[in-house]
Amino acid sequence: MNLASLDLNLVVALRALLEERNVTRAGRRIGLSQPAMSAALARLRHHFDDELLSRAGGRYELTALGLALLDRTATACDLLERLFTSQANFDPAHEEHEFTLIASDYAVAVFGAELVRAIHAEAPGIRVRFKQAPIELIDNTGGLLSTADGLLMPHGIISGFPTVELYRDSWVYLVADDNPEVGEHLTLDDLARLPWVTYQRTYDAPAARQIGMLGIEPRVEVSVDSFQLMPLLVAGTRRVALIQGRLAERLDGLVPVRVMEPPYDAVPLQEAMWWHPVHTHDAAHIWLRETAARVAEAVKAGRPTISSPPS
């Protein structure tokens with residue numbers, strides 16, 4: 001396929017047609033008349049050799065190919081928009097800009113809060129939007145990264161994309177203060193015997209794999225989509241939970257739970273920020289990555305967030 005022979009305006013038209021499933025509404029959405037939109041649909045049908053939209057009674061339905069193109073077209077439009085809004089220069093003190101970062105609630109609590117504190121002091125016109133990492137992350141990493149400015153995620157889950165290293169964390173266990181079944185030290189037998197609270201997504205997979213290699217199959221009693229809720233689900237029960245050490249420190253004293261060291265040599269967690277290659281040379285993203293790296297140094301050192309770049 002020769003991209004030079006394609007009219008990229010058709011990508012915008014295709015997205016509108018697939019999402020609206022109506023020629024008139026699609027044209028109104030992107031500012032084209034009904035005849036112009038019908039002509040665009042005809043060109044698209046010719047290109048794909050498929051109807052894309054087929055009439056069913058008084059409405060249109062997507063064909064099988066139309067359904068397959070629906071998400072791909074949205075991703076392509078997002079990527080093109082980010083590509084053509086790239087900047088050669090970026091002045092954080094005077095820019096109006098929004099960054100979208102995909103992250104778990106753990107990453108937002110431990111690193112994201114420090115990052116936006118630094119951004120607030122240095123770049124008052126910059127907005128940051130955090131989005132929860134979806135389940136399909138591993139299967140569609142490229143598509144997901146094309147719709148965002150960065151992904152906060154530890155190593156061992158995704159690969160093949162550029163990244164900036166942030167900080168290292170450890171894994172600890174939580175048990176209730178009043179759990180009489182756990183002594184001064186947690187044991188492998190405790191982990192095999194007690195019910196678990198787990199983070200329901202797959203992004204703690206490296207830690208879970210290590211437990212499995214020790215021959216322990218966690219008996220999951222509760223799963224939750226938030227690391228910060230796990231202490232609440234452990235308190236007052238026989239349950240045990242695996243959580244990041246830095247997050248446990250921030251939650252210390254808020255819930256009656258004990259923080260306990262793993263009864264094995266737990267592999268550490270290396271947090272990083274990943275991005276799509278299309279952003280590599282964009283001035284705004286370079287500034288974001290440099291700010292993230294600077295804030296990570298403060299997080300690693302346990303000192304207050306750096307609010308401005310060194311002179």
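The values are calculated or read from the model by the stated rules, or taken from the named source; none is laboratory data. The model shown is predicted, which means the values in this text are computed figures rather than measured ones. Cβ placement follows ideal geometry from the backbone for every residue including glycine, while neighbour counts extend to all protein chains displayed. Calculation scope for accessible area: heavy atoms of the full protein, side chains included, ligands and nucleic acids excluded. Shrake-Rupley method; radii C 1.70, N 1.55, O 1.52, S 1.80 Å.
Before moving on, here are some points about what is shown:
- Residue list for segment 106-135, restricted to those being more than 19 Å from K300 (Cβ to Cβ) and under 10 Å from the mean Cα position of the chain (by Cα): F130, K131, Q132, A133, P134, I135
- Conditions (1) touching a strand residue (DSSP E or B) at 6+ places or on another chain (Cβ under 8 Å); (2) in a loop (DSSP other than H, G, I, E, B): number failed by G160: (1)
- Odd one out for A118 among (1) open to solvent by 10 Å² or more (accessible area, probe 1.4 Å); (2) within 16 Å of I286 (Cα to Cα); (3) part of a helix (DSSP H, G or I); (4) not hydroxyl-bearing (S, T, Y): (1)
- All positions within segment 200-230 that are within 17 Å of A248 (Cβ to Cβ) and modelled with pLDDT of 90 or more: V224, S226, F227, Q228, L229, M230
- In the set R43, R25, R55, R59, only one residue is closer than 17 Å to A74 by Cβ and of a type in the set (D, E, K, R); that residue is R25.
- Flag if A133 is assigned to a loop (DSSP other than H, G, I, E, B) and either of a type in the set (D, E) or touching a Lys or Arg at 6+ places or on another chain (Cβ under 8 Å) (or both): yes
- Some residue of segment 125-137 being more than 17 Å from I102 (Cα to Cα) and either modelled with pLDDT of 90 or more or of a type in the set (S, T, Y) (or both): yes
- When segment 127-171 is filtered for residues that are among the aliphatic types (A, V, I, L, M) and free of Cβ contacts under 8 Å to residues at least 40 places away in the same chain, only V128 remains.
- Among residues of segment 275-304 being open to solvent by less than 10 Å² (accessible area, probe 1.4 Å), closer than 19 Å to M153 by Cβ and in contact with a helix residue (DSSP H, G or I) (Cβ under 8 Å, 6 or more places away or on another chain), the one that is modelled with the lowest pLDDT is H279.
- Residues that are open to solvent by 10 Å² or more (accessible area, probe 1.4 Å) and small (G, A, S), drawn from segment 171-192: G183, A192
- Scanning segment 221-267 for residues that are open to solvent by 80 Å² or more (accessible area, probe 1.4 Å) and under 16 Å from R193 (Cβ atoms) gives E221, R238.
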